[in-house]
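Notes follow once the structure below has been shown.
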Amino acid sequence: GTTRAMTSAGLFDNQGNLNVNLDDATQTVTLSSRINHTGSLDVQTGTLAVSDVSGDGDVRVRNGGGLRLSANARLTGSNLALDAGATLEALSGSQITLSGDFSFSITDETAFRFDNNSTLQMAGGAGAAIGDWGNWARLEVGGLDLGTDALAHIGDPAGFVDNFSLETLTIGAGSRILLSDLFDNGNRSGPFGDAEALYVDTLIFADTDGLLNLNGLNLYYNTLIGLDGQIIDQTVVPVPAAAWLFGSGLLALAGLGRRR
């Protein structure tokens, strides 16, 4: 494949949207400068490598597209949605910060990579009340549930490797995050439960107001920075698939794929 280094000049349309659609899936476009934008970021066919991209729009990766955060890179956006053929690489020291949902239907664990010292920060749902689940930000889980002690959040070490696991998950200040298992990432009906699970090496609550609702799913971590009481478990009536897909951007991606 080939790699092209580019700056932001000429990359965005007049609505501030960035669309990457390369002729060859092995090609990579590297954004070599700091970029601030107000629209969406849509990657398909090829890989977009970023070092510092800030925006308040949705980030979508589809149709075999890839998103790579270089070492110590920063990416901010609203919803991040990855379809089944997408790839995501967050190299060492990089951070993804989302004010909305994180959803993915990837079934290949090797296409989902969070390196040492990389972070997913969920900063949505700030101030939403318990029970006001529609205003909580959603985080998809995809790992095979290997146990061993779900109540104490102690997981089998094998679950933290190549299992849609996260190196660091930060719950932002005052954020309210809800786990979801809407998509079958190929790991349901594991040895410790029918649903998929979330494995996190380090779970951080940025302040004492943040909450993480397990929603009946299992969470395993090695280190907790925060209070046990900030992890709650109240099962939520499943959100209709169409509503989730619309909110995460995957419905729009599916529709675009069909039209194409």
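The values are calculated or read from the model by the stated rules, or taken from the named source; none is laboratory data. All figures in this text were calculated on a predicted structure; none of them were measured in a lab. Please note: Cβ atoms are built from the backbone with ideal geometry, for glycine as well, and neighbour counts cover all protein chains shown. Each accessible area value is taken on the protein alone, full model and side chains, heavy atoms only, with ligands, DNA and RNA left out. Shrake-Rupley method; radii C 1.70, N 1.55, O 1.52, S 1.80 Å.
For this structure, a couple of remarks:
- Charge sum, other residues only, whose C-beta stays under 11 Å from Tyr220's C-beta, Lys/Arg counted +1 and Asp/Glu -1: -4
- Rolling a 1.4 angstrom probe over the stretch 126-245 with all protein chains present gives an accessible area of which 55% lies on carbon and sulfur atoms.
- Evaluated over the Cα positions of the stretch 107-218, the convex hull gives a direction-averaged projected area, one quarter of its surface, of 6.7 nm².
- J(HN,Hα) series, the stretch 102-112, from Karplus relation 6.51 cos²θ - 1.76 cosθ + 1.60, nearest Hz, glycine and proline x: 10, 10, 8, 10, 4, 10, 9, 4, 5, 8, 10
- Efficiency of FRET from Cβ geometry, Arg188 and Gln27, R₀ 35 Å, rounded to 0.05: 0.50
- Listed peptides 216-224, 196-204 by packing density, highest first (mean Cβ within 10 Å): 196-204, 216-224
- Amide H to amide H, with H built 1.01 Å from N, Val200 comes under 5 Å of Leu166, Tyr220, Tyr221, Asn222, counting only residues 5 or more places away or on other chains.
- Once backbone amide H atoms are built at 1.01 Å from N, Ser51 has Leu31 as its partners under 5 Å, excluding neighbours fewer than 5 places away on the same chain.
- Remark: spin-label model distance Ala173-Thr235 equals 3.7 nm, labels positioned 7 Å along the Cα→Cβ axis.
- Accessible-area value, Arg60, 1.4 Å probe, nucleic acids and ligands omitted, Å²: 50
- Under Stokes-Einstein, with the Kirkwood radius over Cα pairs as Rh, the value for the stretch 31-136 at 20 °C and 1.002 mPa s is 153 µm²/s.
- On the beta carbon distance between Ala206 and Arg34, with R0 = 25 Å, the FRET formula returns roughly 0.60.
- Around Asp52: net Lys/Arg minus Asp/Glu count, Cβ-Cβ under 12 Å: +2
- J(HN,Hα) series, the stretch 199-216, from Karplus relation 6.51 cos²θ - 1.76 cosθ + 1.60, nearest Hz, glycine and proline x: 10, 10, 5, 10, 9, 10, 9, 5, 8, 7, 8, x, 9, 10, 9, 5, 6, x
- For the stretch 32-44, backbone phi angles converted through the Karplus equation (6.51, -1.76, 1.60; θ = phi - 60°) give residue-by-residue couplings of 8, 10, 6, 10, 10, 9, 10, x, 9, 10, 10, 10, 8 Hz, Gly and Pro being listed as x.
- Spin-label proximity, Asn116 to the stretch 182-210 - amide N less than 17 Å from point 7 Å beyond Cα toward beta carbon: 201-202
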